[in-house]
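Reading through the structure tokens given below for one structure.
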Amino acid sequence: MSIRLERVSYTYQVGASRAVEALKDVSLEIEAGEFVGLIGPTGSGKSTLVQHFNGLLLPTEGKVFVDGVDLTKPDTELRGIRQKVGMVFQYPEHQLFGETVYEDVGFGPRNGGLSEEEIEERVRESLAYVGLDYGALRDRSPFELSGGQKRRVAIAGVLAMRPSVLILDEPTAGLDPKGRDEILDRVKALQEERGVTVVLVSHSMEDVARLVERIIVMEKGRVALDGTPTEVFRQAEQLKSMGLGVPQVTDLMRELQRRGMEVDSDIFRVEDAEREIMRVLGERI
């Protein structure tokens, strides 16, 4: 399922003295099955942008199309769009409300009119995807779980709708590195196995470099850069001028290159850096 924006602008509190133009003439297209990273400094418009992807916000100017459907038309049925374009907000555990894990994760499918048998299948499947044990947790209150488990239950509730597009707005904020990697690896598996379109909003250059195929960089409400991780991270000085950076391993490779080691500096993943360093060392032996 694709998403297309045509010259989208969005202003908070239109007409007020404190009106804020959060998006300015943004045009972009995300193809079905892509894994896209969305980065930018605080206040750059990232969260505002992704809320246009399922009609939570509608543009002040411009048009938004999801799978060819114009969300700005008055007769567009946005509820159906939101079932197909799932949104996981920062601190998604704040989305929890059910008395049990089963009730919480199964809410969307039940609201969609599925049978109890289908609901149970969706709950089992979604909890498994986020690494939680259905039998151990189904009857527990989600509010009694650990922070990481709450986060996973909330994400499972979105996955239970089997969305074609998954938007994640800083979904792992506050988690320890192990928990963060586990959740994001599950999301990557979902994208690869089912062809789900994924948009990940993140401040972690390491996570973005490890997972995505394309990076969109926002600055002051506009798209500043759009390309592959290699193309974007080559613009290190521009990123730094925005208050961003490149993955730490990239800084390491560029420092090794400055010190005379003939390594490829366009490397953004630890495993690639390890292979490259071993290659160069092997040539010297």
If we keep just the residues of the range 202-218 that are within 17 Å of Leu5 (Cα to Cα) and of a type outside the set (Lys, Arg), which is surrounded by the most Cβ atoms within 10 Å (Cβ to Cβ)? Met218
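Which helices (runs of 4 or more DSSP H) sit wholly inside the range 227-285 and have at least 1 residues that are touching a Cys at 6+ places or on another chain (Cβ under 8 Å)? Break it down into steps so the answer makes sense when it comes.
Values: elements: 229-233, 236-241, 248-258, 270-284.
In the range 227-285, no matching helices (runs of 4 or more DSSP H) lie anywhere.
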If you take the residues of the range 249-274 that are among the basic types (Lys, Arg) and surrounded by 12 or more Cβ atoms within 10 Å (Cβ to Cβ), which of them is farthest from Glu213 (Cα to Cα)? Arg254
Filtering the range 130-171 down to residues that are within 29 Å of Val208 (Cβ to Cβ) and in a loop (DSSP other than H, G, I, E, B) yields Val130, Gly131, Leu132, Leu145, Ser146, Ala160, Met161, Arg162, Pro163, Ser164, Glu170, Pro171
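Quick one: would you say Gly221 is exposed (fewer than 15 other Cβ atoms within 10 Å of the Cβ) and either among the aromatic types (Phe, Trp, Tyr) or on the phi > 0 side of the Ramachandran plot (or both)?
Working: exposed (fewer than 15 other Cβ atoms within 10 Å of the Cβ): no; either among the aromatic types (Phe, Trp, Tyr) or on the phi > 0 side of the Ramachandran plot (or both): yes.
No; evaluated as a whole, the condition is false for this residue.
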Given (1) modelled with pLDDT of 90 or more; (2) in a helix (DSSP H, G or I), Ile183 misses just (1)
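The values are calculated or read from the model by the stated rules, or taken from the named source; none is laboratory data. Because the structure is predicted, anything quoted here is derived from the model rather than measured. We place every Cβ from the backbone using ideal geometry, glycine too, and count neighbours over all the protein chains shown.
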